[in-house]
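Enquirer: Quick one: this structure, given as structure tokens, is what I'll be asking you about.
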């Protein structure tokens, strides 16, 4: 009996479907970065840094959707850096408004911090962890 080369190998594992938590997390991370840039437009000292965070977040988001583990860490780091930038806007904008710390920026900062925190939480939820664990590592040849 002869067999074809395809019969020698068992069925290949189907690629893992992306959980909705990953898609929602990416959307929330991008939303928080955009909200941060709306505040940075009026903060000349931080404009370039926040724009860089926006572009890094978008790049990481594309890689996160593909199952990149490093991109998940990059998205988490950019969310923390955005938190460090937005924290003073949220606190001082509500308690002592003045200069670049305005109440309307404080509300946007609180929304961005909430979206960012929720996005990071969804990236590390059990279905998302399983998705990143199952995705094959790409090797450079």
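The values are calculated or read from the model by the stated rules, or taken from the named source; none is laboratory data. Fair warning: this is a prediction, and the values are worked out from it, not measured in the lab. We place every Cβ from the backbone using ideal geometry, glycine too, and count neighbours over all the protein chains shown.
Enquirer: List every residue pair whose Cβ atoms lie under 9 Å apart, where the two residues are 6 or more positions apart in sequence or sit on different chains, the first residue falls within the range 6-29 and is on the phi > 0 side of the Ramachandran plot and modelled with pLDDT of 50 or more, and the second residue, located anywhere, is outside any helix (DSSP H, G or I) and surrounded by 10 or more Cβ atoms within 10 Å (Cβ to Cβ).
Expert: Cβ pairs passing all conditions: none.
Enquirer: Checking residue 135 against (1) at pLDDT 90 or above; (2) over 13 Å from residue 36 (Cα atoms); (3) surrounded by 14 or more Cβ atoms within 10 Å (Cβ to Cβ): exactly one of these is not met. Which one?
Expert: That leaves (1) as the condition not met.
Enquirer: Please determine whether any residue of the range 38-55 is farther than 21 Å from residue 111 by Cβ, in contact with a helix residue (DSSP H, G or I) (Cβ under 7 Å, 6 or more places away or on another chain), free of Cβ contacts under 8 Å to residues at least 60 places away in the same chain and in a helix (DSSP H, G or I).
Expert: no
Enquirer: Could you say whether any residue in the range 58-74 is over 12 Å from residue 26 (Cα atoms), within 10 Å of the chain's Cα centre (by Cα) and loosely packed, with under 14 Cβ neighbours inside 10 Å?
Expert: Within the range 58-74 (the criterion being over 12 Å from residue 26 (Cα atoms), within 10 Å of the chain's Cα centre (by Cα) and loosely packed, with under 14 Cβ neighbours inside 10 Å), the answer is yes, since at least one residue qualifies.
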